[in-house]
Structures are given as structure tokens and as C-alpha cells.
Amino acid sequence: MPVLLVAGCGTAGGVPVPREDRTSAPAVAPRVDPATAEQAFSLLRQLDGAWKRRDCAAVRDLTTWAERTLGGRACEATGNGRPARPADPVYLLPDEGDWFAALAREPSPAYYLFFLEDGRWRLGAGPVPVPGEPVRKAGDAPSSLVRQARLVPQRHLTYLTDPAGVAGVRFPPGDPLRALLKDVTGRRADVELYGTRTLAVPVEAGSVLVFDALRLTYKGGRTDLVEMATLVGAGNKLRTLGLRRARAS
């Protein structure tokens, strides 16, 4: 299904680029309940088995969005398996019924995104490792903050195409986005939003957790995908909780 990705390069403004993405919202579905989330999370066992068999067709069938791009390439190129199977999950369930996030606490904290596509649950992103303290509980957040959180993907794009900081988007010292900005600027990579949906869920402490992805294209044609989990807190301040970067082509 066609969507628009917004692209940027260096300090230039963005232009629409038609691409295909599988996270466009379908007809309204009921909110995901914990039992459904638990059943969907169990597909990671099937995915682990497909990796062990080097069954790349099954890997593609069990994945969507960013993970289909990353997992399919990795399987076909190297046959390498995935990290140790995740366990001890807690679920973050948004109002939309066609996706949810899971925080697997074992063997190390990491977020996973699952999408309902063609009547089946598939893995859309993950693992997105969380080196610090992860958000573990859903909660309530002011409606104004939820609205602001929907701009996080665009703020990511603005930050990475505005090295002078004219637009005023800021991340705290030590945030992984700062290192990513240095790489993108130094290597003059093109930056695109990977998908147009806002994947946000209100969480504890009156904050909002947002998931999104970027495509980085370097000279010579190499592309990377970057999957991120970002916390939006009081004052509309951003903090990257988790970031995963992998080669897409």
C-alpha cells in the first residue's frame, strides 16, 4: 500500500518520496488485550525456528515493516541467527487495535513491535535494545503531550538534517541521536522517515513512548535502517531509550 516518506539530506529541507510501507492503519480494530498480545509474542518462537532452519521465506512471512527488510536481508546474505530468544515480556497496549509494543526483560531489556496484517500478527521491529532503565508500564498522559508526541518522527528528521540546530530540536548529552547526527553529517547521508504512522502509547509518569524508524542512504548505495524508542516527557523533552541500527542493503 503506497505511502509517503519524507526525505532530507544535509541541511536541506524534506521532499516527499513515494515508497511502500505496511504500517498504514486499517479499519478500526478493538484494542489489543493482554491474552492476544501474549499469543502474538509467542510467534517469536516460530521466528527463532525459521532462523535456525535458515528458512528465509518463513522469516519474511513472520515479519513486516522494518523487520521484514532487515531480517530478510540478513537471512539471505549470511544465514546468521537472531539473538537469544526474548522472555519475560510486559505489554504496552495503545488505543489502536492493530499494533502493540512488548518489552522483553530477558535476557536483556529490548522493545519489540507487533503489527496485525492481513488478519495475522507479525513482528515489525525488534529487538530495540534498551541500555538504561526501560519504560515498563502503560499509563496516562496529558492529551496535549500525546499530540506533541505525534510529531516525534518529524522532529527526528529535522534534528538529523539541521546540524546547526536552527530549528531548536534538542537531545540531552549522551543521547544516541547525537552520535547519529555526527555520522549522518560527516558522511552526508540522506535521511528518510520509514513510514508515516505515529506509533505512540501513553506510559508511566505522564509520558508518551514513541516508536519510529529512519532510513539512511550513503554514497555508493548502502542503506541502513534505524529503529528507535523515544520517551516524550514534561516540557515536550525528548530522550532516546533504545536504538537499533542495521544494514538494509
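FRET efficiency for the pair V166 and R105, taken as 1/(1 + (r/R0)^6) with r the Cβ-Cβ distance and R0 = 35 Å, rounds to 0.30.
Residues S143, S207, S249 in ascending order of nearby Cβ atoms (within 10 Å, fewest first): S143, S249, S207. Put a plus charge on the Cβ of each Lys and Arg, a minus charge on the Cβ of each Asp and Glu, and nothing anywhere else: the dipole of segment 145-249 about its Cα centre is then about 180 debye. Using Cβ point charges alone (K and R +1, D and E -1), the dipole size of segment 34-129 about the Cα centre works out to roughly 500 debye.
I'd like the distance separating the alpha-carbon centroids of segment 83-140 and segment 179-199, in whole Å. Between the Cα centre of segment 83-140 and that of segment 179-199, the gap is 23 Å. Normalised size of segment 34-129, defined as Cα radius of gyration per 2.2 N^0.38 Å with N residues, equals 1.00. For segment 165-171, the Karplus equation 6.51 cos²θ - 1.76 cosθ + 1.60, evaluated at θ = phi - 60°, returns couplings of x, 4, 6, x, 6, 10, 10 Hz by residue, with Gly and Pro reported as x.
Tell me which chymotrypsin sites (Phe, Trp or Tyr not before Pro) from segment 185-233 have a DSSP coil assignment and no more than 14 other beta carbons within 10 Å of their own.
Passing both the DSSP loop test and the Cβ count: Y218.
Of all lysines in the structure, the ones whose alpha carbon falls short of 26 Å from that of K137, not counting any fewer than 8 places away in one chain, are K237. Less than 5 angstrom separates the built amide H of F100 from those of F114, all sequence-distant by 5 or more or on a different chain. How fast does segment 117-249 diffuse by Stokes-Einstein, in µm²/s, taking the Kirkwood radius from C-alpha pairs at 25 °C and 0.890 mPa s? Rounded, D is 158 µm²/s.
Full extension of the chain between R188 and A87 yields a length gain of 32.5 nm, computed as 0.36 nm times the residue separation minus the alpha carbon distance.
We did not get these values from a lab; they are worked out from the coordinates using the rules stated. Keep in mind that what you see is a predicted model, and the values were worked out from it rather than measured. When we count neighbours, we look across all protein chains shown, and the Cβ atoms used for this are built from the backbone with ideal geometry, even at glycine.
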